[in-house]
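Peer 1: Below are the structure tokens for one structure; questions will follow.
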Amino acid sequence: MSSRKLFILALLLLSIANIAISQNIFVYNQQTGNPIPDVVIFNKDQSFSGLTNKVGIVDISNFGENDIITFQHPSFNSTSFNKETIAKLKFKVPLNEKLINLDEVIVSASKWETKANEIPNKIEQIKRKEIIFNNPATSADMISSGNQVYVQKSQLGGGSPMIRGFAANKILFVVDGIRMNNAIYRSGNLHNVLQADVNSVENAEIIFGPGTNIYGSDALGGVIDFHTLKPKFSESKKFVGSGNALARIASADFERTLSANVNIANNRWAFMTNISYSKFDDLRMGSMHNDYNLRHQYVDIIDGVDTIMDNSNPEIQKYSGFSQISFLTKIAHQYSKNVDWEYGLYLTNSSSVPRYDRLLQYKDDELKYAVWNYEPQQWLMNRLAINIHNNASWYDNAVFTFGYQNVKEGRNDRKYKSDWLRKRNEQVNIFSLNADFDKTMINGNFIYYGIELVYNDVQSKGIEENTVTNVSNPISSRYPDGGTGFFQSGVYLSYKRNLTKLPLTFLAGARYSFVSLNSAFNDTTFYQLPYNSIKINNGALTGSIGLVYHPGEWQYNINLSSGFRAPNLDDVAKIFDSEPGNVVVPNDNLKPEYLYNLDIGLIRRIDDVAKIEFSAFYSYLIDAMVRRDFTLNGKDSIYYDGELSKVQAIVNTGSATIYGASLIFDIKLFNNLAFNNVITIIKGEDNTGDPLRHAPPLYGTTNITLEKGKLKMLLGINYNAEISYNNLAASERDKAYLYATDSNGNPYSPGWWTLNFKGSYAFSPKFFTTFGIDNIMDYRYRTYSSGITAPGRNFNIAFRYAF
């Protein structure tokens, strides 16, 4: 054959190949640029059909040139194109997500995917598209963005969620199936949620209340379950690379964030890495109302001497800034048809994080502290998950999750004009194993069961360093200096039945948990404790039973559940100053607290036009662990760090009741315009009638959202009611310097509201931007129980590029 004929044949084959390749089209979310898997495509008479794969690709070569191809997905508006139009779109088909999404799958309720209309618990889903649109700076901001969870902040580098009257170690925090709560999770406000980098979170689910039995101790208020980015396999044997990059900036704290991830994969192996860096300067508050929030003075070092300076701009919250870097890498392997595994390495490291509320304290008309920082702040986790899909006689799917965490925390403080810098450091090594199984039985019966084993090793030390001479001395550690072993274990069994003749789902389950703690005090010269070790063993049986009746577009839920929380090291054996003039000491007689809970819910769906969700709960807490006045060796006051302080301890009180309700209302006003309203009210008091510290005021949000093509915009109001002095918890009254003063001179938390705007625009499937203005009116306010004032008017913009 002549060379000319070979050349012509080669061109012909190349043309045919190009035509074949062009029949593969890419279906993506027009607002985010993300691929959409499981989109069904079909022609008018449905003689040809297809389904997009995990990366949003589907072949349309079987369709005729004149076929009208319909694209359909339960979460997106259906659309139709012919091949000519698809070619003009460069074989990239955009879909717009429904303004009101009625079809949801929940993972956290049973650790396996479950339909939302088969779950009696109230669960909030935070999806990737919402994270991208809301553009949160931290994971704490992400949790609060839906206004269903209240978040307290003691400092800019923090965020402590409050769920149904509980917070801190009474809420369980989970990342990729591994329990994050450790032996030193404290009962006060807790800010470890920032360890999960918001830029690496794929989605999150929040369970309200102790309505599931698979999580065990700590899940009294609820469970916050984060799912981070996963490696994505390709469809071919050849390795294919992809990735995303983010740059974000905000004005109120001059936030600068850079984040990028890369995914390299074939059909057997997948590698993913994400790295993020954020830096925040001192936060600027608003300019209207509530002058008590202004920062008039701060401490600076002038010529080596502590000096109280007048703040030239009292709206700038001096010494509130910090920075954080996060790294995540995962490797996944499809070992066989029935077995795959995934390894992940997680690392988050923060700079010194100033505890801003302590920097506001005065003593004798002078600022009390020159330095008060959390330092160091580091979280390292190794995770290995092995998934087995076997359809065996006793399970269909099994997941074995092995985890190792290393947590480093520290607290450095130095009082004004003191040469001594106190350093108290803790290190926790955590080893965990989870084994979870599911089995589908006949006639709509399902069972879920598993075990959990967790061991914490805690080391704690304290020293003081002279900043002039560099001399160091030992001081009391925060926790027992002889070390602590903390062991948690549990076994659970859950049952689900979908009735065939009625639209009814029945669920029931139980869990037995055992918790033990063993602490040793080596050096008791600082405080003469009446013991040199603490040993506690606790076991508990908890359970739940629920019904979901879901006829047509209605859904009725009822759920009875119990929960418990065993005291951890922070509850039992710490020594620290909780607030000005008070010191908390160990209590070796502390017992678990138990919660009994009733949930009811009503959901009404009207096609894809409207959704109304009402939920209410009533909880009864017995043997509640709260901070109360105490004695040590018969004394009600001791010297702590040179200051005479009233002795307190975590003790079991009689009982407490918490109750509340929430209403969520979504309606599509027009094809591209939707209205949303969320409002929550929670009340709580102990058996003496005193208000509970972590019951927030009434709060909510009202929004109008416009989505049209590549553009999405939202205008909304966030609001928060007042908490009067009479409804303010005793522990909050002791922090009067953080609150406004009423006409009687008593502290109270004022109500507030903010007007906010957000938007996004997709320039292309690969490049888009999100932007917004928070607190447009520049309102000056401090959220309830917080130590730092909220941001003033805040302009923010982010650019995302996919490659």
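Peer 1: Please go through segment 372-421 and write out the trypsin sites (Lys or Arg not before Pro) that DSSP classes as loop and that have at most 13 other C-beta atoms within 10 Å. All intermediate terms of the calculation are to be shown ahead of the outcome.
Peer 2: Working: sites: Arg383, Lys408, Arg411, Arg414, Lys415, Lys417; in loops: Lys417.
Qualifying residues, ordered by number: Lys417.
Peer 1: On to the next question. Distance from the Cα centre of segment 59-97 to that of segment 175-235, in angstrom?
Peer 2: Segment 59-97 and segment 175-235 have Cα centres separated by 38 Å.
Peer 1: Separate question: Would you please name the chymotrypsin sites (Phe, Trp or Tyr not before Pro) within segment 232-266 that are DSSP coil residues with at most 16 other C-beta atoms within 10 Å of their C-beta? Before the final figure, lay out each step's value.
Peer 2: Working: sites: Phe233, Phe239, Phe254; in loops: Phe233, Phe239, Phe254.
Sites meeting the loop and neighbour criteria: Phe239, Phe254.
Peer 1: Angle, helix 3-22 long axis vs. longest principal axis of the chain, Cα atoms, 0 to 90°, nearest 10?
Peer 2: Computed tilt is about 50 degrees.
Peer 1: Something else now. Considering only C-alpha atoms, what is the centroid distance from segment 724-803 to segment 648-683, in Å?
Peer 2: Here the answer is 18 Å between Cα centres.
Peer 1: Tell me the accessible surface of Ser476 in square angstrom (1.4 angstrom probe, heavy atoms of protein chains only), to the nearest ten.
Peer 2: Its heavy atoms expose roughly 10 Å² to the probe.
Peer 1: Same structure, new question: Here are several values of Cα extents along the principal axes in Å: [x] 100, 61, 55; [y] 107, 92, 45; [z] 83, 65, 64. Which one was derived from the coordinates shown?
Peer 2: It is the one labelled [x].
Peer 1: With the full set of protein chains in place, find how many percent of the accessible area of the chain is carbon and sulfur; take the probe as 1.4 Å.
Peer 2: Numbers: 19090 of 33490 Å².
C and S atoms contribute 57 percent here.
Peer 1: Whole-Hz ³J(HN,Hα) for each residue in segment 757-770, computed from phi via Karplus 6.51 cos²θ - 1.76 cosθ + 1.60 with θ = phi - 60°, x for glycine and proline: what do you get?
Peer 2: 10, 9, x, 8, 9, 9, 5, 6, x, 9, 9, 8, 10, 10
Peer 1: Something else: From the residues Thr52, Phe486, Gly684, which one has its Cα farthest along the dipole of the chain in the positive direction, the dipole being from +1 and -1 charges on Cβ of Lys/Arg and Asp/Glu about the Cα centre?
Peer 2: Positive-most Cα among the choices belongs to Thr52.
Peer 1: Calculate, axis by axis, the spread of Cα positions in segment 677-777 along the three principal axes, and write the results as whole Å, longest axis first.
Peer 2: That works out to 60, 27, 21 Å along the principal axes.
Peer 1: Find the accessible area per residue for the chain; the probe is 1.4 Å, ligands and nucleic acids are left out, and the unit is Å². Provide the component values of the computation, followed by the final result.
Peer 2: Numbers: 33490 Å² over 803 residues.
Value returned for the chain: 42 Å² of accessible area per residue.
Peer 1: Still on this structure, I have one more. For Gly33, which sequence-distant residues (separation of 5 or more, or a different chain) have an amide H within less than 5 Å of its own amide H, given hydrogens modelled in the peptide plane?
Peer 2: It is none; the list stays empty.
Peer 1: What is the ratio of the Cα radius of gyration of segment 71-160 to 2.2 N^0.38 Å, with N the residue count, to two decimals?
Peer 2: 1.49
Peer 1: Distance check, please: which entries in Lys230/Lys611; Lys83/Lys712; Lys238/Lys337 exceed 22 angstrom between their Cα atoms?
Peer 2: Violating the 22 Å Cα-Cα cut-off are Lys230/Lys611; Lys83/Lys712.
Peer 1: In whole Å, largest first, what are the principal axis extents of the Cα atoms in segment 553-668?
Peer 2: Here the Cα extents, ordered largest to smallest, are 66, 27, 20 Å.
Peer 1: Excluding Lys635 itself, what net charge comes from residues whose Cβ is under 14 Å from its Cβ, given Lys and Arg +1 and Asp and Glu -1? Present the calculation step by step, with values, prior to reporting the outcome.
Peer 2: Working: positive: Lys646; negative: Asp629, Asp636.
That sum, taken over residues with Cβ under 14 Å, equals -1.
Peer 1: Anything over 20 Å Cα to Cα? Flag those among Lys574/Lys635; Lys122/Lys708; Lys90/Lys668; Lys98/Lys710; Lys111/Lys496, in the order listed. Spell out each step's value before the answer.
Peer 2: Values: Lys574/Lys635 18 Å; Lys122/Lys708 31 Å; Lys90/Lys668 31 Å; Lys98/Lys710 14 Å; Lys111/Lys496 13 Å.
In this structure, Lys122/Lys708; Lys90/Lys668 lie more than 20 Å apart at Cα.
Peer 1: Let me ask something else. Taking Cα pairs under 8 Å and at least six residues apart, what relative contact order does segment 517-604 come out at, in percent?
Peer 2: Details: 130 pairs, mean separation 25.3, N = 88.
After rounding, I find 29 percent.
Peer 1: Output ³J(HN,Hα) for segment 712-729: one whole-Hz value per residue in order, computed from phi by the Karplus curve 6.51 cos²θ - 1.76 cosθ + 1.60 with θ = phi - 60°, and x for Gly and Pro.
Peer 2: 9, 9, 9, 10, x, 10, 9, 9, 8, 7, 7, 10, 6, 4, 5, 9, 8, 4
Peer 1: Counting other Cβ atoms within 10 Å, which GluC sites (Glu not before Pro) in segment 678-773 have at most 11 and lie in a DSSP loop?
Peer 2: Values: sites: Glu685, Glu707, Glu722, Glu732; in loops: Glu722.
Passing sites in segment 678-773 do not exist.
Peer 1: Here is a further query. Which listed residue (Gln148, Gly221, Val198) has the Cα farthest towards the positive end of the charge dipole for segment 146-281, taking +1 on Lys and Arg C-beta and -1 on Asp and Glu C-beta about the Cα centre?
Peer 2: Val198
Peer 1: Sticking to Cα atoms, compute the Rg of segment 35-190 to one decimal and its Dmax as the biggest Cα-Cα distance, whole number, in Å.
Peer 2: Rg, Dmax (Cα atoms, Å): 21.4, 66.
Peer 1: With charges set only on the Cβ (+1 for Lys and Arg, -1 for Asp and Glu), what does the dipole of the chain come to about its Cα centre, in debye to the nearest 20?
Peer 2: It works out to roughly 2280 debye.
The values are calculated or read from the model by the stated rules, or taken from the named source; none is laboratory data. Just so you know, these numbers come straight off a predicted model, no measurement behind them. Cβ coordinates were reconstructed from backbone atoms using ideal geometry, including for glycine residues, and neighbour counts include every protein chain displayed. These area figures cover heavy atoms from the full protein model, side chains too; ligands, DNA and RNA do not enter into them. Shrake-Rupley method; radii C 1.70, N 1.55, O 1.52, S 1.80 Å.
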